[in-house]
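Below is one structure; the comments refer to it alone.
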């Protein structure tokens, strides 16, 4: 009985030792080679995907800001503006603020002259530090402020223009898909009537609902 138990323990020990066996040098080298090949394949695509995501986040932020400014103008029946702070200073960063054109006790404006002054001079704002550091904004009409009237229409539309195009791209290089690259740059189109639409210039007009 004792000999049989000893034999069983030896077999279990041998089996356990086999399970705990480590990797050989050849196995480690093969594993490293596979991981390196996967990284070389995935990293370029991952970089483009991350940049495209940042661009989309910035575009959605601007779209939401336009909708907020238009909604506030209609609900308050007073002109409300969306100001792109960096554009006003000659930059291209995606930062903005929404406020009434004229400050009142119930509507924050850009230049409060009230007594006491309003605690803030905007309804809502976004700075370049809030997820938009890897995106840049270029507006077709080169204007740094867009004003909606109480009817929800754009009262700051440039002369002889029925739409404003806002292009969101990457300030650090890279090629947009519309120019043969892999980065998904986006446009936001704002019409005189106040309609707001996000589109992708990489798609041919008329063949895709996301086309510009």
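FYI, it's all coordinate maths here, none of it is from the lab. Just so it is clear, the model here is predicted, and its values are computed rather than measured. Cβ coordinates were reconstructed from backbone atoms using ideal geometry, including for glycine residues, and neighbour counts include every protein chain displayed.
Can you tell me the length gained on complete extension of the stretch residue 141 to residue 197, counting 0.36 nm per residue apart and subtracting the Cα distance?
On the way: separation 56, 0.36 × 56 = 20.16 nm, distance 1.68 nm.
In short, 18.5 nm is gained.
With the cut-off at 15 Å, report for the stretch 135-208 the share of all Cα pairs above it, as a whole percent. List each step's numbers first, then the result.
Values: 1603 of 2701 pairs.
Beyond 15 Å sits 59 percent of the P(r) for the stretch 135-208.
What order, most packed first, do the peptides 194-204, 63-73 have when packing is the mean number of other Cβ atoms within 10 Å of each residue? Intermediate results must be reported in sequence, preceding the final value.
Details: 194-204: 16.6, 63-73: 20.5.
Taking the mean over residues of other Cβ atoms within 10 Å, the ranking is 63-73, 194-204.
Please compute the modelled spin-label separation between residue 125 and residue 26, points set 7 Å along Cα→Cβ, answer in nm with one decimal.
About 6.6 nm, to one decimal.
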